[in-house]
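So the structure is just underneath, and the comments pick up after that.
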Amino acid sequence: MPYISHTIKNIITVSRIVNCSKKTLSPDFTDIPESHGFREAVYVEDGKISALAGNIKVSLKKGDIFIHKPFEEHAVTIEGDGPSTVYFISFYSKSNAL
C-alpha cells in the first residue's frame, strides 16, 4: 500500500510556550481569577469543569478545550462530585484563527 502525503496549512502559529501543566482538581477546588498577556488553553482529560471567561461561563467535559484570550480575566470551577483532570497550556500566538 503506497503512502499518501498531505500538505497541511498552518492556521495557528505558537511563537512561545509559557507553561504546560496537568492538574487533578478535587471537587472542593477553588480557583483565583487571573489575567495575563498570553493565551491559555484549558483541556479536560477527565471529569467536568466550567471555564469562566469574563462574565461568560462555559461547561466543559472530557475531550473539550477552551482557549482564553490575552488579558481576559478567567478561572475554572469543578462541576460534579468527582475530581477532574485538566491540562493548562499558556502560549503566545497572533494567529487570526484564535
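If we keep just the residues of the stretch 1-14 that are among the hydroxyl-bearing types (Ser, Thr, Tyr) and open to solvent by 90 Å² or more (accessible area, probe 1.4 Å), which is nearest to Phe91 (Cα to Cα)? Once the filter is applied, the top-ranked residue is Thr7.
Determine whether Gly63 is at pLDDT below 95 and open to solvent by less than 100 Å² (accessible area, probe 1.4 Å). Explain how you work it out, then say what you get.
Numbers: at pLDDT below 95: no; open to solvent by less than 100 Å² (accessible area, probe 1.4 Å): yes.
Judged against the criteria, Gly63 is not a match.
Restricting Leu25, Leu52 to those that are among the aliphatic types (A, V, I, L, M) and touching a His at 6+ places or on another chain (Cβ under 7 Å) reduces the list to Leu52. Hey, can you tell me all the residues within the stretch 54-87 that are within 11 Å of the chain's Cα centre (by Cα), assigned to a strand (DSSP E or B) and over 16 Å from Gly37 (Cβ atoms)? The answer is Leu60, Ile65, Phe66, Ala75, Val76, Val86, Tyr87.
The residue that is least open to solvent (accessible area, probe 1.4 Å), counting only those in the stretch 31-58 that are within 11 Å of Val76 (Cβ to Cβ) and without any contact (Cβ under 8 Å) to a residue 24 or more places away in the chain, is Ala53. Residues in the stretch 7-20: is at least one on the phi > 0 side of the Ramachandran plot and free of Cβ contacts under 8 Å to residues at least 24 places away in the same chain? No, the stretch 7-20 has no match at all.
The values are calculated or read from the model by the stated rules, or taken from the named source; none is laboratory data. Everything numeric in this text was worked out from a predicted model, so none of it was measured. Cβ atoms come from the backbone with ideal geometry, glycine included; neighbour counts cover every protein chain shown. What goes into the accessible areas is simple: the full protein's heavy atoms, side chains included, and nothing from ligands, DNA or RNA. Shrake-Rupley method; radii C 1.70, N 1.55, O 1.52, S 1.80 Å.
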